[in-house]
Every structure is written in structure tokens, then in C-alpha cells.
Amino acid sequence: VEVVTCVGHTLVDPAAVMERAGGKPVTVYGTFCNHLKEVMKKAPVKTVAEVKEMSGLCDGAKKEVEERGCKVPTLAEIGYDAGQAKTPFKGGEKEALKRMEKYLSRTKWIADFEKPNTSPAVFDPEERSTTVLSPYLKFGCLSARHFYLLLLDVYRKAGKHTQPPVSLEGQLLWREFYYVCSVATPNYERMEGNPICRQIPWGSDQKHEEFFLAWKEARTGYPWIDAAMTQLRDEGHIHHLARHAVACFLTRGDLWVHWEKGVEVFDELLIDADWALNVGNWMWLSASCFFYQFFRVYSPVAFPKKYDPEGKFVKKYLPVLKNMPAKFIYEPWKAPISVQKQIGVMIGKDYPAPIVEHEKVSKENMAKMKDAYDANKEAAGAVDNPKASGGKRKAEQETEKEAKKTRKDEDKAGKAKKGNKVEKTKDEDKGGKKLKQTKLK
């Protein structure tokens, strides 16, 4: 029997990029893009010619169909409750092409697209601030290569356009980045035995298990986090900045729960759950790999105010707070008892009180992260034997330098078009200052 294997789910063959990188995982986006560019020069992205007909089933396949039948399994058969299926996004190739064509027809929108500039608070399924093409790419309803080539056509028509990492093209390259990294990294999906992942002593006792369940079940007492987790469970999709916020909150930001548990929940609930991207993004957001500025923390209060000061997103997904004044929508525990009685919502009874104090635990977790980073350096010999580990330490420094450059590009793009500042909370400022002071000692 002749077996023909073709690579088509990605823009290029991951093995070709790995070969250029010497078979090692590339954890820096800029370096990866340089390798990818060279691979594309030798093997430009192409799609297959139009398929007019398909060959029939072989005898073995025909027999299998006759004996066992051939049908799409029901939700119940694969372990899901059909009654909970509320996603507004329909599946299939026709829907994928329709959605892609709708966005590609907006030349200026495509040319100006900057991912950090999009809003996590837009909840209209037909007019999200991003394309929501990821589920279709994940399931193969939409060819990444077909989309990529059509996107380049739009760029040619537009002339001037945004660039990676923040552009729409950049999002496709991020997808390639994580795919290649996952193929090249042993034990990619877990912390232990993973050579690119920082070893961090995440909480594993009963308290942290209770934190995890509160986060998963949208009862942390922080409306922004709970609303995002409710949207995730109801619709199977949340904006990437909402993913950033809930992932940071679960791990290094507030609850100190292992990122592997977050991976499991996203894998279960996201309609675009893609193993390589899901694992990679959780490592990134927990500052376990790719991103190392652990003192940058998403505030569950300050961050959403930038996008939705009135709290419309929260009121949509947490109707219990629909009458909460905007002044208290992200901190309902601060509402006077008279206000709580007036709107019929008592904090701690009708809606949970905060399970942690963000201002306090975020600082404590920054200190834990610094200790973990120091321990990782010592384990690698960076302190005890600087000469022997010089190459490794230099590579680590280069990686962090490139990661900071990527973040700088994203921050630059993430500035509001008028008057807004780069996302940086008081927590981040103080955390950064604290880190610098520690280094000077």
C-alpha cells in the first residue's frame, strides 16, 4: 500500500523551519520569522489546483462504511451536552469562506488591522473586532494558505499596510510559530521535562484547587474575569485580550494556579482550541516561556475600563449586575450597602465577593516569580558556573531582548488612536520598579 503524506494545514512544512534552526525550538518570534522568510523563498506558499472530482472509495473503505456506517457523531456521543451549545458561530467551509470574504472586502480595515488595537468588549458575533476565523483554520474548514494568498492580494491593492507581529499576516505567522515550536519541543504540553519552560512552583493544595474551580465556574468576584469566562462557556470564543486577562489572573497575576490546568479548560471550551497555540499561549501568559516581563500584570479592574467604561460587556454576560452603576461595575464590593439594596444585589450573597485581593496577591506573586526565575538560573549554572553556562546565558539574554522588542512593537500598535496610553497598570509600574530595585542590591 502506498501512503502519500502531504503538509497543508500550515503555510510551510514545520520540518523545513526546524532544519534551518538546527532542529531546536525557536522561542523568539523575530528569529522565527527570519527562518520562515528563507523557507518561503525556496518553497513559496501555494494552493492546489482546483479539484473538479474526487476518486471513489477503495474496496476496504467501502466495506468499512457498509459494516459500521459513516455518520457525523452527535454532541452527546463525543461527551458534550447539546443543550449547552450556544455558540453563535456556525461551522463548515461555506461559512468560513463567507466570513473570510466579508473581511477581505474591507481593504482599509485589513490594511490598518493591528491586533492589540482591537477590543475585547465587542460581543456582536457578526461584528467582532477580529475576524474570528481561527475556528475555521483549526478544523480545516478554511485553508491557511488560501487565506494567506488572498490576504497578500489585498495588501498589494492597499499599498501601505501594517506589519507583523500586529498585522493580520502577523497573526498567521504566530500560528506557524507555535506549530513549529510544538514540533521541536519535547514535552511541549507540560512544564516538567520541557526544555523551553521555566520551572515554577505553582500552587497545588486545596486552596488553589478551589481558586481554579472559582475561576473556571466564573465566580471569582471580579466581574471582568467572570464575564469573560461566562462568554467562553456560553459561546466557545473570547477575544485574545480577554484570554490574556483570564490566563494572567489564573496563573502569575492572582491565583497562582498551574498553567496546565488553564490549558485543559481552554481545550474543552474553545471552539478554536488548537493544541500548539493553546499550550504556547498559556506558557507565554504565565511568563513560563516566550515572554519574561512577569511584572506586567493585567489588572482585572483597570484593564477593562479602557475598553468598556460603562461595563456593557459585563452586564451582557453577568445579568445579575445589569443594574450596577458603572462606577462600581468592575469593583461591585465597593458599592455602598444602600446601592446594593437598591439594585437588589448583595455582594457575597447574590454575586461573590472577591476571592483574593488583587493589589496584594499580584505583588506577592511577582516576588514568587522572581524567586522562580532566580532558581532557574541557578539550576542552569548561570550563577555558580558563569563560564560554563555563558553560551546558555547569552542565548537567554538574546531571547529576552527579542521578546521585549516584540512586546514593544505590540505596545506601540496597542496605543489608542487618540489619547490612550499603552496598557500599563499601577501594578505593573510598581512591579517593574520593585524588580529593578532588587537587581541593584
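Quick notes on this one:
- Too-long pairs where the Cα-Cα distance tops 19 Å, listed order kept, from K90/K216; K216/K322; K108/K157; K108/K160; K312/K341: K90/K216; K216/K322; K312/K341
- Placing unit charges on the Cβ atoms of the charged side chains and taking the dipole of the range 54-203 about its Cα centre, the candidate lying farthest along the positive direction among L173, L149, L133 is L149.
- For the pair V1 and E359, label points projected 7 Å from Cα toward Cβ lie 6.6 nm apart.
- Residues of the range 34-75 with an amide N closer than 16 Å to a point placed 7 Å from the Cα of A15 along the Cα-to-Cβ direction: 43.
- When both the range 1-76 and the range 185-243 are represented by their alpha-carbon centers, they are found 30 Å apart.
- Cβ crowding within 10 Å ranks C248, C197, C6 as C6, C197, C248, fewest other Cβ atoms first.
- Labels on offer are [x] 22.3, 70; [y] 22.8, 64; [z] 23.4, 77, and the one holding Rg and Dmax of the Cα atoms in Å computed from this structure is [z].
- In this structure the amide hydrogen of L142, modeled in the peptide plane, comes within under 5 Å of the amide hydrogens of L137, none closer than 5 places in sequence on its chain.
- With the cut-off at under 16 Å, measuring from each backbone N in the range 256-289 to a point 7 Å along the Cα-to-Cβ line of D205 picks out 256-258.
- Multiplying the residue separation of I337 and K316 by 0.36 nm and removing their Cα-Cα distance gives an extension gain of 5.2 nm.
- Applying the Karplus relation 6.51 cos²θ - 1.76 cosθ + 1.60 with θ = phi - 60° to the range 258-263 yields 3J(HN,Hα) values of 4, 5, 4, 6, x, 4 Hz, where x marks Gly and Pro.
- Take 281-291, 335-345 and order them by the average number of nearby Cβ atoms within 10 Å per residue, most first; the result is 281-291, 335-345.
- For the range 59-146, the set of trypsin sites (Lys or Arg not before Pro) satisfying both a DSSP loop assignment and a count of at most 14 other C-beta atoms within 10 Å is given as K71, K86, K90, R106.
- A simple spin-label model places the labels of C58 and Q293 5.4 nm from each other, with each point 7 Å out along Cα-to-Cβ.
- Restraint check, K261/K377; K94/K305; K306/K363; K94/K316, Cα-Cα greater than 28 Å: K94/K305; K94/K316
Every number in this text was worked out from the coordinates using simple rules, so none of it is lab data. Computed from a predicted model, the values in this text were never measured in an experiment. Because the Cβ atoms are built from the backbone with ideal geometry, glycine has one as well, and the counts that use them run over all protein chains shown.
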